[in-house]
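What follows is one structure encoded as structure tokens, with my remarks underneath.
The values are calculated or read from the model by the stated rules, or taken from the named source; none is laboratory data. None of the values given here were measured: they were computed from a predicted structure. Cβ placement follows ideal geometry from the backbone for every residue including glycine, while neighbour counts extend to all protein chains displayed.
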Amino acid sequence: MDQGGSYSLPEYVYDLTALVRLTGASEVAIVGHSMGGMIALAYAGTVPDKVSRLIVLDGVVLFPAAQKTPVHERMAKWMSQLDALDAREPRSYRTVADAAAQMSAHNKRLTPELALHLATHGVRPNADGTYGWKFDPYQRAMAPHRLWPDDHLALWSRITCPTLLVSASESFLGDPKANGVVSHFQQARADMIAGAGHWLHHDKPDEVLGLIRSFLGLPEQAGAAV
């Protein structure tokens, strides 16, 4: 993306709308992590009849009491972020293993095997033979046109399907049960994964998968740890 572009939650929701439409499914069950969870929540609140079950993994990134900052400040911050990203030299790695080592340094809970797996699928080769991450760095800029806490709460209140909000005991995000977020849903429950950080599905994969399969009514996976 050229400088000047932006990523906002409504645009992601439209992408999800197009994906569901492409499948031809009358309704879908959605599992989303982090920002993916916020996208899923907004989608389910916009078209509640399209979602049969919803699972959000450490993705309730919202502080209901947050105040809306003046529009000129949001615009200035966004432009400043774009300028900084435009001047930034993308990080590159000599080998995929080097990229995996960077992931391990960022999350000490990753096993070497999982770090290598994630890096293998998360990088692409550069023209000079090095490797770089696949994501667009401009995604880091916070779009000035975005949903605000009251918008999110209004959407959450429209979600009609059974909803599972999964948090992590060592995440920087809050506990949806403790902070009262779960009360904004028609039928939601909150669970917590102990000993895991924000990337809980990497840190405790068997426990997270067990919660998902149970909530979706799927049989236990053969060979999974109990």
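Quick one: what pairs do we get from the range 75-96, first residue of a type outside the set (A, V, I, L, M, F, W, C), second part of a helix (DSSP H, G or I) and modelled with pLDDT of 85 or more, C-beta under 6 Å, 6+ apart or different chains?
Tyr93/Ala99
List the residue pairs whose Cβ atoms are under 7 Å apart, where the first residue sits in the range 3-26 and is part of a helix (DSSP H, G or I) and modelled with pLDDT of 95 or more, the second is of a type in the set (A, V, I, L, M) and surrounded by 12 or more Cβ atoms within 10 Å (Cβ to Cβ), and the two are 6 or more positions apart or on different chains.
Short answer, once both residue conditions are applied: Val13/Ile39; Val13/Ala42; Leu16/Ile39; Val20/Val28.
Looking only at the range 105-132, how many residues end up being part of a helix (DSSP H, G or I) and either within 20 Å of Asp206 (Cβ to Cβ) or among the basic types (Lys, Arg) (or both)?
7
Given the structure, is Thr120 farther than 29 Å from Glu170 by Cα, touching a helix residue (DSSP H, G or I) at 6+ places or on another chain (Cβ under 8 Å) and either surrounded by 17 or more Cβ atoms within 10 Å (Cβ to Cβ) or of a type in the set (Val, Ile, Thr) (or both)?
In short, no.
Exactly one condition in (1) surrounded by fewer than 13 Cβ atoms within 10 Å (Cβ to Cβ); (2) touching a Phe, Trp or Tyr at 6+ places or on another chain (Cβ under 7 Å); (3) among the aliphatic types (A, V, I, L, M) is not met by Ala99; state its number.
That leaves (1) as the condition not met.
Is there a residue in the range 155-166 that is outside any loop (DSSP other than H, G, I, E, B), within 19 Å of the chain's Cα centre (by Cα), surrounded by 15 or more Cβ atoms within 10 Å (Cβ to Cβ) and free of Cβ contacts under 8 Å to residues at least 40 places away in the same chain?
no
Consider Ser169 against the criteria (1) at pLDDT 90 or above; (2) surrounded by 15 or more Cβ atoms within 10 Å (Cβ to Cβ): it satisfies all of them except one. Which criterion is unmet?
Status for Ser169: all satisfied but (2).
Could you count how many residues in the range 29-86 are under 21 Å from Phe172 (Cα atoms) and under 15 Å from the mean Cα position of the chain (by Cα)?
19
Is it the case that some residue within the range 111-131 is aromatic (Phe, Trp, Tyr), at pLDDT 95 or above and over 30 Å from His72 (Cβ atoms)?
Yes, there is a match, as at least one residue in the range 111-131 is aromatic (Phe, Trp, Tyr), at pLDDT 95 or above and over 30 Å from His72 (Cβ atoms).
Quick test of your reading of the structure: Ala44 fulfils all but one of (1) surrounded by 14 or more Cβ atoms within 10 Å (Cβ to Cβ); (2) small (Gly, Ala, Ser); (3) part of a loop (DSSP other than H, G, I, E, B). Name the failing condition by number.
So Ala44 meets the others, but not (3).
Any chance the range 60-67 includes a residue that's closer than 20 Å to Cys161 by Cβ, at pLDDT below 95 and surrounded by 11 or more Cβ atoms within 10 Å (Cβ to Cβ)?
yes
Assigned to a helix (DSSP H, G or I), among the acidic types (Asp, Glu) and modelled with pLDDT under 95: which single residue out of Asp98, Asp49, Asp86 fits that description?
The unique qualifying residue is Asp86.
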